[in-house]
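Written out below as structure tokens is the structure these notes cover.
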Amino acid sequence: MALLRQYLQIYTHPQLLVILILGFTSGLPFLLTLSTLSFWLAESGVGKTTIGLFMLVGIPYSLKFLWAPVLDQLRIPYLTDKLGRRRSWALITQAGLFLSLVSLAHSDPTQTIAFTAFSAFFVSFFSASQDIIIDTYRIESLEANNQGAGAAVEAIGFRFGMLASGAGALYLAHVFTWKMAYLTMAAGIIFSMLVFCCISEPKRSKVTSLDIHQKKLLTLRQRLNALFIVPWLQLLHKRELIYLLGFIFCFRISDTVLNAMCAPFLCDLGFSKIEFANVTKVFGISLMVFGGLIGGIIIHQLGILQATVMCIILQGISCLMFVIQSLIGYHLSVLMITVGVESFCSGLVAAVFIAYLSSFCRQPYTATHFTLLYSFASLCRVATSALAGLVADHITWTILFLITGAFIFPAIYMIIKIAQLRTPHSHPLLEKQVRFSRG
């Protein structure tokens, strides 16, 4: 019991409560332009083709690295002086998100489908912009030995936000109206704005970013270079960047394929919708949250490098469980084990992956660095999800999951190469052991 209390001490840092709330805010709008909006459109009689095209409104989540340098470096007159750079941009993006949600709530897909699409696009745009600030705030406000716990707490908050915008919004729409459901979600953004007004600005490094609006003598080319090229070049050396991008691709494949193909796989095996919902949604989500908490503890105990290698191995075990399930077929007890292992690993991987990417970010370009890496991971997820279905139509489920699991080997190779190229003191989380502080 004493050992458990010691492990959980890493979650007693007061700043982590703020990160949990911000994670919830980040997840709150996510499904409002995806599955929740799709249900609204379908219920309104909108055609399947149009509903499919509506998914394009989520493209800002994959392209947010394009404007991340702006949020990193440009000052907002008056607000930046009063609140600081991160909080001022947070309030601007959240105000835009609130107005976009109100606009979407007042739209009518049966009468003005174009206005609905327009409003949904801006919800995605401001939500993606808000994510940039929240991720940056987490990285800059926490010490290195708390980054793992911060990543875990943010991921847990994000999942609770998704639960609110998914099941919560559907319940409100059933009891009241879609307008009331979306207005309630918008009210949650106001709460987050109040939180940002109360918290302190994270400490900035001594290296100051360029105030472009004050550098009137610079040419347009010099301004664009300072705004975009310099932050990206500072991220990594070219050789190390290639290994990192390769690692991100291989690392995300297992988690992406298992998440994307889980439903059709279990359907093919003969599991009912109720069995699928009970096991994957109720049981699975609980283990995801537990996995996220364990992920933060593992990072704090072992350091981010060893924790990431452990996650790669666990992903291989998840794939192996799906292979076993495909060979056994319909068996509810085995399904509980399979989904339990996959859900636990998914929650753990999410926390460790965020913390690992965070270790490559440097002030004053934190937003640019993290967003660029995470956007690449997002693009890998989209591409892998699309290809997984195509491949599954031509090979058996067993072969698909074996191929997916095999990607852990290049992932381990690449993370070892990255560790060799990075200096031992490039980030405190890369040290061999990060022990709990005593007293």
**Study point:** Radius of gyration, Dmax [region 96-183; alpha carbons; angstrom]
**Key:** 16.1, 53
Review point. Roughly speaking, what is the centre-to-centre gap between region 61-96 and region 105-139 when only Cα atoms are used, to the nearest Å?
Key: 16
**Study point:** Longest to shortest principal axis, alpha-carbon extents of region 140-185, angstrom
**Key:** 45, 16, 8
Exercise for review: Could you state how much accessible area D81 has, in square angstrom rounded to the nearest 10, with a 1.4 Å probe and all protein chains kept in place?
Suggested key: 110
Revision key, fill the gap. Summed over the other residues with a beta carbon less than 13 angstrom from that of I248, with K and R at +1 and D and E at -1, the charge totals 0
Exercise for review: Using θ = phi - 60° and the Karplus relation 6.51 cos²θ - 1.76 cosθ + 1.60, list the HN-Hα couplings for region 159-171 in order, rounded to whole Hz, with x at every Gly or Pro.
Suggested key: 5, 5, x, 5, 5, 5, 7, x, 5, x, 5, 5, 5
Exercise for review: Return one whole number: the accessible area per residue of region 57-103 in Å², for a 1.4 Å probe.
Suggested key: 36
**Study point:** F115 accessible area, assembled protein chains, probe 1.4 Å, Å²
**Key:** 90
Review point. Debye sum, Cα scatterers, region 311-378, no solvent: what log₁₀ I/I(0) at q = 0.21, 0.23 1/Å?
Key: -0.83, -0.92
Review point. About its Cα centre, how strong a charge dipole does region 254-408 have in debye, to the nearest 20, once Lys and Arg get +1 and Asp and Glu get -1 at the Cβ?
Key: 300
Revision key, fill the gap. HN-Hα couplings for region 407-416 via Karplus (6.51, -1.76, 1.60; θ = phi - 60°), in whole Hz with x for Gly/Pro, come out as 6, 5, 6, x, 5, 5, 4, 5, 5, 5
Check your understanding: With all protein chains present and a 1.4 Å probe, how do L91, L327 order by accessible area, largest first?
Key -> L327, L91
Practice item. Could you work out the equivalent-ellipsoid semi-axes for region 1-92, taking the square root of 5 times each eigenvalue of the Cα gyration tensor, largest first, in whole Å? Key: 34, 26, 11
**Study point:** Heavy-atom accessible area ranking, 1.4 Å probe, most first, across H174, H13
**Key:** H174, H13
Revision key, fill the gap. Expected vector for region 96-105, Karplus 3J(HN,Hα) from phi with 6.51, -1.76, 1.60 and θ = phi - 60°, integer Hz, x for Gly and Pro, equals x, 5, 4, 5, 5, 5, 5, 4, 5, 4
**Study point:** Equivalent ellipsoid dimensions for region 265-318 as semi-axes, Å, which come from the Cα gyration tensor, largest first
**Key:** 30, 14, 4
Study note, to complete from the structure: Looking only at aspartates and glutamates whose Cα falls under 15 Å of K64's and that sit 8 or more positions away or on another chain, we get D72, D131, D135
Revision key, fill the gap. For region 270-415, the Cα convex hull volume per residue in Å³ comes to 123
Revision key, fill the gap. A chain fully extended from C197 to V391 at 0.36 nm per residue, minus the present Cα-Cα distance, gains in nm 64.9 nm
Revision key, fill the gap. From most to least accessible, 1.4 Å probe, no ligand or DNA/RNA atoms counted, E275, E342 line up as E275, E342
Review point. Leaving out same-chain residues fewer than 8 places away, which aspartates and glutamates sit with a Cα under 18 Å from that of K179?
Key: E43, D108
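The values are calculated or read from the model by the stated rules, or taken from the named source; none is laboratory data. Since this is a predicted model, take the numbers as computed values, not measurements. Cβ sites come from the backbone with ideal geometry, for glycine too, and all protein chains shown count toward neighbours. Note: accessible area is taken over every heavy atom of the protein model, side chains too, but ligands, DNA and RNA are not part of it. Shrake-Rupley method; radii C 1.70, N 1.55, O 1.52, S 1.80 Å.
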